[in-house]
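Engineer: I am attaching a structure below and will ask some questions about it afterwards.
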Amino acid sequence: MQVKYLVFLGVVVIFALVASVGLGLLVGQKILGEAKKESSVPVGNTYVTIIQYNKPLSEFTVQSTFGEVTIPVKGKVNIVTPQYVNCPDVCHWETGIILYAVEVLKEKGYLDDIVIITVGTNPFYETLDQGREYQLSKMGDYIEQGLKWYWVLEPYEKQKQIWDAFGIGVVPYCILENEGGGEEADDGYVELSPEEFLQWIEEGKVDPVLQCGVNHTAGFFLVDSQGNLRYFVAPTQDGWVKGQKYVAEALVEYVVKLLEEG
């Protein structure tokens, strides 16, 4: 199985230099800066920064790909990550890192002691059915073996409450065609507020799937079994591009730390 997840990580690295990486990390860097102000001094290395918290989280009863669930899930260590299905890059790298971590945690006998929670960042047009299809395609074997992976997606207003609880930043964007062409043809990148994005979709101004996306905080929030936010595992740019294995190892290290604390 080790070959399987190393190959997976190797495949996703192929996309490392696409332009959208820089766009996708902008929001994450902003939130990372805010997290440093609100928490104890972070530790880290070339590939990952660990932000330390001790923050009780509000509970939310939400709809997920596997039915109604209350998050954070008490009695388990929660690995929480922001994602959306049509993400062009970082979300799939997060999945690759989690896949590696799950395999290692399974080998250590911890599969029943963890839960993965994807906090959906695209309540604008994605559905839970799409999220479930994505989960089964990526980690269906582990889900069949009992892995709990909840993809949480509510209407925007409620989803925003969850984003705010964790400190997840979400900024939709669209790439508008330049009808004149020429040198300015690639200057159509526009960031929108979620409210503006919803309005543009409703008015039919853009095709959200073909023209738009969502920049969002990227990384892994770790919640202990009592429901306290304890760590944010934040890959650096080097971590995303060429150090995903080391990010996954750091993720495992801090999950095990919380599991051993009980």
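The values are calculated or read from the model by the stated rules, or taken from the named source; none is laboratory data. Quantities reported herein were computed from a predicted structural model and do not represent experimental measurements. Cβ: placed from backbone, ideal geometry, glycine included. Neighbour counts: every protein chain shown. Please note that ligands, DNA and RNA were not included when accessible areas were found on the heavy atoms of the full protein model with its side chains. Shrake-Rupley method; radii C 1.70, N 1.55, O 1.52, S 1.80 Å.
Engineer: Across region 213-244, which residue is nearest to Glu94 (Cα to Cα) among those that are in a helix (DSSP H, G or I) and either out of contact with any Phe, Trp or Tyr (no Cβ under 7 Å at 6 or more places or on another chain) or among the polar types (S, T, N, Q) (or both)? Working first, answer last.
Structural biologist: Narrowing region 213-244 to residues in a helix (DSSP H, G or I): 237-242, 244.
Okay, now just the ones that are also either out of contact with any Phe, Trp or Tyr (no Cβ under 7 Å at 6 or more places or on another chain) or among the polar types (S, T, N, Q) (or both), so 237, 241-242, 244.
Working: Gln237: 13, Val241: 12, Lys242: 13, Gln244: 9 Å.
Checked region 213-244; the qualifying residue nearest to Glu94 (Cα to Cα) is Gln244.
Engineer: Can you pull out every residue in region 146-184 that is in contact with a Lys or Arg (Cβ under 7 Å, 6 or more places away or on another chain) and either over 18 Å from Val90 (Cα atoms) or at pLDDT 95 or above (or both)?
Structural biologist: From region 146-184, those in contact with a Lys or Arg (Cβ under 7 Å, 6 or more places away or on another chain) are 151, 169; that's our starting set.
If the condition is that a residue be in contact with a Lys or Arg (Cβ under 7 Å, 6 or more places away or on another chain) and either over 18 Å from Val90 (Cα atoms) or at pLDDT 95 or above (or both), then Trp151 is the only one that fits.
Engineer: Name the single residue that is nearest to Thr65 (Cα to Cα) among those in region 101-116 being of a type outside the set (Ser, Thr, Tyr) and part of a loop (DSSP other than H, G, I, E, B). Before you say what the answer is, go through the steps one by one.
Structural biologist: As a first pass, look at region 101-116 and keep what is of a type outside the set (Ser, Thr, Tyr): 101-109, 111-116.
Applying the additional criterion that residues be part of a loop (DSSP other than H, G, I, E, B) yields 108-109.
On the way: Lys108: 27, Gly109: 25 Å.
By that ranking, first place goes to Gly109.
Engineer: When region 54-79 is examined, which residues are found to be touching a Leu at 6+ places or on another chain (Cβ under 6 Å) and open to solvent by less than 40 Å² (accessible area, probe 1.4 Å)? Can you show your working first?
Structural biologist: Our first condition is that a residue be touching a Leu at 6+ places or on another chain (Cβ under 6 Å); within region 54-79, this holds for 55, 57, 65, 72, 77.
Result: Leu57, Thr65, Pro72, Val77.
Engineer: So for region 200-211 (the condition being more than 20 Å from Tyr156 (Cβ to Cβ) and either among the hydrophobic types (A, V, I, L, M, F, W, C) or without any contact (Cβ under 8 Å) to a residue 40 or more places away in the chain (or both)), does at least one residue qualify? First the steps, then the outcome.
Structural biologist: Taking region 200-211 as the starting set, the residues that turn out to be more than 20 Å from Tyr156 (Cβ to Cβ) are 210.
From the residues that got through so far, the ones that are either among the hydrophobic types (A, V, I, L, M, F, W, C) or without any contact (Cβ under 8 Å) to a residue 40 or more places away in the chain (or both) too are 210.
Within region 200-211, one or more residues are more than 20 Å from Tyr156 (Cβ to Cβ) and either among the hydrophobic types (A, V, I, L, M, F, W, C) or without any contact (Cβ under 8 Å) to a residue 40 or more places away in the chain (or both).
So that you can scan it fast, the table gives a plain yes or no per residue for (1) in contact (Cβ under 8 Å) with a residue 24 or more places away in the chain; (2) of a type in the set (Phe, Trp, Tyr); (3) more than 22 Å from Ile79 (Cβ to Cβ):
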site: Glu195; (1), (2), (3): no, no, yes
site: Gly239; (1), (2), (3): yes, no, no
site: Lys245; (1), (2), (3): yes, no, no
site: Ala248; (1), (2), (3): yes, no, no
site: Glu260; (1), (2), (3): no, no, no
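Engineer: List the number of the failed condition for Gln237; all other conditions in (1) open to solvent by 20 Å² or more (accessible area, probe 1.4 Å); (2) modelled with pLDDT of 90 or more; (3) under 17 Å from the mean Cα position of the chain (by Cα) hold.
Structural biologist: All conditions pass for Gln237, except number (2).
Engineer: Follow-up question, since we're still on this one. Looking only at region 170-184, decide whether some residue is under 28 Å from Asn54 (Cα atoms) and open to solvent by 30 Å² or more (accessible area, probe 1.4 Å).
Structural biologist: Of region 170-184, the ones under 28 Å from Asn54 (Cα atoms) are 170-171.
Narrowing further to those that are open to solvent by 30 Å² or more (accessible area, probe 1.4 Å): 171.
Scanning region 170-184 turns up at least one residue that is under 28 Å from Asn54 (Cα atoms) and open to solvent by 30 Å² or more (accessible area, probe 1.4 Å).
Engineer: Output the number of residues of region 117-164 satisfying the condition of being part of a loop (DSSP other than H, G, I, E, B) and within 25 Å of Val104 (Cα to Cα). Walk me through it before giving the result.
Structural biologist: Going residue by residue through region 117-164, those that are part of a loop (DSSP other than H, G, I, E, B) are 121-127, 145-147, 153-155.
After this cut, where a residue has to be within 25 Å of Val104 (Cα to Cα) as well, the list is 145-147.
Residues flagged as part of a loop (DSSP other than H, G, I, E, B) and within 25 Å of Val104 (Cα to Cα) within region 117-164 amount to 3.
Engineer: When you check Val115 against the structure, is it within 16 Å of the chain's Cα centre (by Cα), open to solvent by less than 40 Å² (accessible area, probe 1.4 Å) and either of a type in the set (Val, Ile, Thr) or over 18 Å from Phe60 (Cβ atoms) (or both), yes or no? First the steps, then the outcome.
Structural biologist: Working: within 16 Å of the chain's Cα centre (by Cα): yes; open to solvent by less than 40 Å² (accessible area, probe 1.4 Å): yes; either of a type in the set (Val, Ile, Thr) or over 18 Å from Phe60 (Cβ atoms) (or both): yes.
Here the answer is yes, as Val115 does meet what is asked.
Engineer: If you don't mind, there's one more thing I want to ask. Which of the residues that make up region 127-151 are crowded, with 22+ Cβ neighbours inside 10 Å and either closer than 20 Å to Thr61 by Cα or more than 18 Å from the chain's Cα centre (by Cα) (or both)?
Structural biologist: Within region 127-151, Gly131, Trp149, Tyr150, Trp151 qualify.
Engineer: Between residues in region 57-81 that are more than 18 Å from Tyr254 (Cα to Cα) and without any contact (Cβ under 8 Å) to a residue 24 or more places away in the chain and residues that are part of a loop (DSSP other than H, G, I, E, B) and open to solvent by 10 Å² or more (accessible area, probe 1.4 Å), which pairs lie under 7 Å by C-beta distance while being six or more apart or on different chains?
Structural biologist: Thr70/Glu59
Engineer: Also, I was wondering about something else. Would you please name the residue that is modelled with the highest pLDDT, looking only at residues in region 80-97 that are aliphatic (A, V, I, L, M) and crowded, with 23+ Cβ neighbours inside 10 Å? Write out each step before concluding.
Structural biologist: Of the residues in region 80-97, the ones aliphatic (A, V, I, L, M) are 80, 85, 90, 97.
Narrowing the set further to residues that are crowded, with 23+ Cβ neighbours inside 10 Å leaves 80, 90, 97.
Working: Val80: 98, Val90: 90, Ile97: 95.
Among those that are aliphatic (A, V, I, L, M) and crowded, with 23+ Cβ neighbours inside 10 Å, it is Val80.
Engineer: Yes or no: Glu191 modelled with pLDDT under 95 and more than 20 Å from the chain's Cα centre (by Cα)?
Structural biologist: It is false that Glu191 is modelled with pLDDT under 95 and more than 20 Å from the chain's Cα centre (by Cα).
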